[in-house]
1. Under 6 Å by Cβ, and 6 or more places apart or on different chains, what pairs join a residue from the range B:1-21 that is aliphatic (A, V, I, L, M) with one that is at pLDDT 65 or above and not in a helix (DSSP H, G or I)?
2. Could you check how many residues of the range B:106-128 are part of a helix (DSSP H, G or I), of a type outside the set (Asp, Glu) and exposed (fewer than 14 other Cβ atoms within 10 Å of the Cβ)?
3. Is there a residue in the range B:144-167 that is within 14 Å of another protein chain (Cβ to nearest Cβ), over 18 Å from the mean Cα position of the chain (by Cα) and of a type in the set (A, V, I, L, M, F, W, C)?
4. In the range B:220-252, which residues are among the small types (Gly, Ala, Ser) and surrounded by 13 or more Cβ atoms within 10 Å (Cβ to Cβ)?
5. Looking at the range A:16-31, which of its residues are touching a residue at least 12 places away in the same chain (Cβ under 8 Å) and crowded, with 18+ Cβ neighbours inside 10 Å?
6. Determine whether B:Ala35 is under 24 Å from B:Val202 (Cα atoms) and touching a helix residue (DSSP H, G or I) at 6+ places or on another chain (Cβ under 6 Å).
7. Does A:Leu34 satisfy the condition of being in a helix (DSSP H, G or I), in contact (Cβ under 8 Å) with a residue 24 or more places away in the chain and within 17 Å of B:Phe86 (Cβ to Cβ)?
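The values are calculated or read from the model by the stated rules, or taken from the named source; none is laboratory data. Remember, predicted model here, so these are calculated numbers, not experimental data. Reconstructed Cβ throughout: ideal geometry from the backbone, glycine too, with neighbour counts over all protein chains shown.
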Amino acid sequence: MELLWKIIRGFGMFWWDFLVGDTPELFVTTVLTLGVTALISEVAHIHTGLAVVLLPALVVVSLIMTVVRAVGRR
Amino acid sequence: MLALSTSVSGLSVMMVAVFVACAVEMVEALTIIVAVGHTTGWRHALRGAAVALLALAVIVGAFGPALIHIPLNILRLVVGGVLLVFGLQWLRKAILRSTGYKAKHDEDEIFRETVAEIEAVTDQGQRERVAFVMAFKGVFLEGLEVVITVLTLGTSARHLSLAIATAVGALVLVTLIGLVVARQLSSVPENAMKMTVGIMLVAYGTFWSGEGLKVSWPGNDAMLLGLVALYAVVVWAMVAIIKSIAPVKVSA
């Protein structure tokens, strides 16, 4: 039981480090990007042409934000 | 004819991404193996590397077939999200390294550190155990990123076997080159390779997550090439802008 708990904990820690690690802003902005795109293309049933432009644009904004944050810190 | 050409472009991006990701991670792992081999002999270095490769193959064997059974839209949305985070992390590091805001990966430094760590152990038996563990960890940890790339790209594209074959091809090629150049691994343009992989991972992440959210991309798979071009231009522009408006001051 203890071994199983250790494995689950290790697995969870690995994914936390892998996806969040020292750049939590990238995880948050990616979730927001996908959430906004889902709202537009699925829930709101707005023409998917908007999502085609919006999804890559939000990804670019995420990249700019994380790099500016890193540059500003130094 | 159009369907054939578009699926070929999608597969080409996947193969290049897997190949370069595998090659760049292998360069890092190979540096550790060469350092361990030079210090304690090749038996322990190669044994550690072989056990790590076996462990990685078990992970692919266990998770690969399981992932294929997940509904395609959900798989592509989750995998796309993971690829986006992973690719953006790689791009962030590559941009910071290109502009001098982060130190470049130094294979010579890794080699020196590995040798020093092994030589600090005086007991022969203990030293052999340390050598084995270091070779295992070097290959396993670097290989884990390749495994995630292979599993996510391979299962989403429904071409897991092709992704595995590409990774094995890169593994064999880098090993052969490594045997020839041995200590000159530091001359590999690692940051440029990581930037290329980062661009492809982000392009694939955008594409698959969009597919998972039922976004109909113009030109279907051919859109991948458009996304690669878009992100390449953005990264190039970001590096140029940072270098011109906020250059790193090098102290004399």
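1. B:Met14/B:Ala157
2. The number of residues fulfilling the criteria is 5.
3. No, because not a single residue in the range B:144-167 is within 14 Å of another protein chain (Cβ to nearest Cβ), over 18 Å from the mean Cα position of the chain (by Cα) and of a type in the set (A, V, I, L, M, F, W, C).
4. Within the range B:220-252, B:Ala222, B:Gly226, B:Ala232, B:Ala246 qualify.
5. Answer for the range A:16-31, where residues must be touching a residue at least 12 places away in the same chain (Cβ under 8 Å) and crowded, with 18+ Cβ neighbours inside 10 Å: A:Thr23, A:Leu26, A:Thr29, A:Thr30.
6. Answer is no for this residue.
7. The answer is no for A:Leu34.
Residue-wise test of (1) touching a His at 6+ places or on another chain (Cβ under 7 Å); (2) more than 21 Å from B:Met195 (Cβ to Cβ); (3) facing another protein chain (nearest Cβ under 7 Å); (4) modelled with pLDDT of 85 or more.
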position	(1), (2), (3), (4)
A:Ile7	no, yes, no, no
A:Pro24	no, yes, no, yes
A:Ile46	no, yes, no, no
A:Val52	no, yes, yes, yes
A:Val61	no, no, no, yes
A:Val67	no, no, yes, yes
